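Undergrad: Dropping a structure here in structure tokens format, bear with me for questions.
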Amino acid sequence: MKQVACALLAALFAACSGPGAAQAPLPEGNVIPINVALAMSSQPGEPMVFWSHTEERPGSAYLRLHLGAIRDRSTIDYTLKILDRAGRDVFAITKAELAGKADYWTGLIDGDYATVKLVAAQMPDGLSFELDRLAYQKNMGAAFSITLPDDREPIVRYKDVPNIFGPSRAIAKLTFIDGLSSAMCTGFLISADRMLTNEHCIRTQATCDTMVVTFGYELDERNTVRRGKQHRCTKFVAADHDLDVAMFAVSDEPGAKLGTLKLNPRPVVPGEQTYLIQHPQGEPMQISRKDCSVTTDKADGNAMATDFGHKCDTLQGSSGSPMIGSDFTVIGLHHFGFDARYDKWRAENRAVRMDRLIEWINKKL
């Protein structure tokens, strides 16, 4: 018999999520001011580089840089190159990409070191900005809702199971700025460019503007991390608090290549085998399959009778994961962990039922 655990690994979170409880994405890093102004000059030994700056946060899994107070009256094309510790080009941000923007967050720069270089054929007079904030990953605790032992597995163990590994291609880690934190949730593709997650993860265009969507962030057969491919949130479409659902658009139509998940508004069945594919605590993609099943077919969530209960192992950060049924279609949207305030929910997670979501989704597509 499994023992039931509901614990906090961070003092920041005083209780697991539940009806009426405050919900929030997982903070997996900090955002700090750095206030470095652009001061262009010729760089010794680099004739096409007119400014350079390096940031380092030892031990971080990633960095992100924020450009603020952008003003561009230059007539010269330029590129802001982002390099990692090995000197590899990670991003190339062009004049066209910054056009009309007052601020800009870079994507995720793997590792704990980043150099920015302003590269142009000649000095782009009239350009100004501040490198004013730095986001960096750090080890932070997360609430977990797990029936011991913890049965989460790396998704690579199912690479030869098409019904599981295929749908996992459409599931992504969502990384975004939430106040003074670099935060994350999980999301999944339902069309070529539309994704679902929870409303408590994204509810504004401002959050979308900071969001990086990473597909294929996972361990391989040798237990090496595959960093995956990054996309950007391009448009916040809509959100509904009672259903704890949000829809947004993502760049470059990844669903055309990676596939999309099939939504199924059928009734769920108590005892039904389910599969939860997720990025718990921002970790590489994992699946909960063992002892993962529907436990309660009808339950309250943010509103009455919106949810069902399940016992798939999760961590904070699993919010927005698809609950896949025994027929390998999406039957729910995971959003709640254990709730110690209620006897009923001390050992059950919850997902929003797809039959309650489908009408809202179809209206927004």
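The values are calculated or read from the model by the stated rules, or taken from the named source; none is laboratory data. Here the structure is a predicted model, which means the values were calculated and not measured. Virtual Cβ from ideal backbone geometry, glycine too; neighbours counted across all protein chains shown. Ligands, DNA and RNA are stripped out before the accessible areas are found, and what is left, the full protein with its side chains, is counted by its heavy atoms. Shrake-Rupley method; radii C 1.70, N 1.55, O 1.52, S 1.80 Å.
Undergrad: Given the criteria in a strand (DSSP E or B), in contact with a Leu (Cβ under 8 Å, 6 or more places away or on another chain) and under 20 Å from ARG266 (Cβ atoms), does VAL352 qualify?
TA: Here the answer is yes, as VAL352 does meet what is asked.
Undergrad: Still on this model: Quick one: is PHE328 aromatic (Phe, Trp, Tyr), part of a strand (DSSP E or B) and modelled with pLDDT of 95 or more?
TA: no
Undergrad: Could you grab me the full set of residues in region 176-195 that are hydroxyl-bearing (Ser, Thr, Tyr) and open to solvent by less than 10 Å² (accessible area, probe 1.4 Å)?
TA: If we filter region 176-195 for residues that are hydroxyl-bearing (Ser, Thr, Tyr), which is where we start, we get 181-182, 186, 191.
Correct list: SER182, THR186.
Undergrad: Yes or no: CYS201 touching a Pro at 6+ places or on another chain (Cβ under 8 Å) and either in a loop (DSSP other than H, G, I, E, B) or open to solvent by less than 10 Å² (accessible area, probe 1.4 Å) (or both)?
TA: In short, yes.
One line per residue, one yes/no per condition, for (1) aromatic (Phe, Trp, Tyr); (2) touching a Cys at 6+ places or on another chain (Cβ under 6 Å):
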site: THR274; (1), (2): no, yes
site: ILE277; (1), (2): no, no
site: GLY282; (1), (2): no, no
site: ASP307; (1), (2): no, no
site: GLY332; (1), (2): no, no
site: PHE336; (1), (2): yes, no
site: ARG346; (1), (2): no, no
site: LEU357; (1), (2): no, no
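Undergrad: Could you list all residues from region 297-307 that are open to solvent by less than 20 Å² (accessible area, probe 1.4 Å) and either within 19 Å of ASP343 (Cβ to Cβ) or in contact with a His (Cβ under 7 Å, 6 or more places away or on another chain) (or both)?
TA: ALA299, GLY301, ASP307
Undergrad: Only residues that are open to solvent by 90 Å² or more (accessible area, probe 1.4 Å) and either in a helix (DSSP H, G or I) or touching a strand residue (DSSP E or B) at 6+ places or on another chain (Cβ under 6 Å) (or both): list them for region 336-349, please.
TA: Residues satisfying the conditions are ASP343, LYS344.
Undergrad: Is at least one residue of region 47-55 surrounded by fewer than 18 Cβ atoms within 10 Å (Cβ to Cβ), outside any strand (DSSP E or B) and at pLDDT below 95?
TA: Within region 47-55 (the criterion being surrounded by fewer than 18 Cβ atoms within 10 Å (Cβ to Cβ), outside any strand (DSSP E or B) and at pLDDT below 95), the answer is yes, since at least one residue qualifies.
Undergrad: Anything in region 66-80 that is open to solvent by 20 Å² or more (accessible area, probe 1.4 Å) and not in a strand (DSSP E or B)? List them, or say none.
TA: The answer is ARG73, THR75, ILE76, ASP77.
Undergrad: May I pose another question? Can you list residue pairs whose Cβ atoms sit under 6 Å apart, with the first residue in region 151-164 being in contact (Cβ under 8 Å) with a residue 60 or more places away in the chain and closer than 8 Å to GLN286 by Cα and the second being of a type in the set (A, V, I, L, M, F, W, C) and part of a strand (DSSP E or B)? Count only pairs 6 or more apart in sequence or on different chains.
TA: Partner pairs satisfying both residue conditions: GLU153/ILE287; PRO154/LEU219; ILE155/ILE287.
Undergrad: Another question, then. Does at least one position in region 100-115 carry a residue that is modelled with pLDDT of 95 or more, assigned to a loop (DSSP other than H, G, I, E, B), in contact with a Pro (Cβ under 7 Å, 6 or more places away or on another chain) and open to solvent by less than 60 Å² (accessible area, probe 1.4 Å)?
TA: yes
Undergrad: Taking region 242-271 as the search range and keeping residues that are open to solvent by 20 Å² or more (accessible area, probe 1.4 Å) and assigned to a helix (DSSP H, G or I), which one is nearest to PRO162 (Cα to Cα)?
TA: Among those residues, the one meeting the criterion is LEU258.
Undergrad: Going through region 81-99 one residue at a time, which ones are open to solvent by 30 Å² or more (accessible area, probe 1.4 Å) and acidic (Asp, Glu)?
TA: ASP89, GLU97
Undergrad: Still on this model: Regarding GLU359, is this residue open to solvent by 50 Å² or more (accessible area, probe 1.4 Å), among the acidic types (Asp, Glu) and touching an Asp or Glu at 6+ places or on another chain (Cβ under 8 Å)?
TA: Details: open to solvent by 50 Å² or more (accessible area, probe 1.4 Å): yes; among the acidic types (Asp, Glu): yes; touching an Asp or Glu at 6+ places or on another chain (Cβ under 8 Å): no.
The answer is no for GLU359.
Undergrad: Considering each of ARG226, ARG203 in turn, give the residue that is over 28 Å from GLY301 (Cα atoms), out of contact with any Cys (no Cβ under 6 Å at 6 or more places or on another chain) and touching a residue at least 40 places away in the same chain (Cβ under 8 Å). Full working, then the answer.
TA: Details: ARG203 fails: over 28 Å from GLY301 (Cα atoms).
Of the residues listed, the single one that is over 28 Å from GLY301 (Cα atoms), out of contact with any Cys (no Cβ under 6 Å at 6 or more places or on another chain) and touching a residue at least 40 places away in the same chain (Cβ under 8 Å) is ARG226.
Undergrad: Can you name every residue in region 317-335 that is open to solvent by less than 10 Å² (accessible area, probe 1.4 Å) and closer than 16 Å to LEU26 by Cβ?
TA: GLY317, SER318, GLY320, SER321, HIS334, HIS335
Undergrad: Shifting gears a bit: Would you check if there is a residue in region 229-237 being within 17 Å of ASP110 (Cα to Cα) and among the hydroxyl-bearing types (Ser, Thr, Tyr)?
TA: Looking through region 229-237, none of the residues is within 17 Å of ASP110 (Cα to Cα) and among the hydroxyl-bearing types (Ser, Thr, Tyr).
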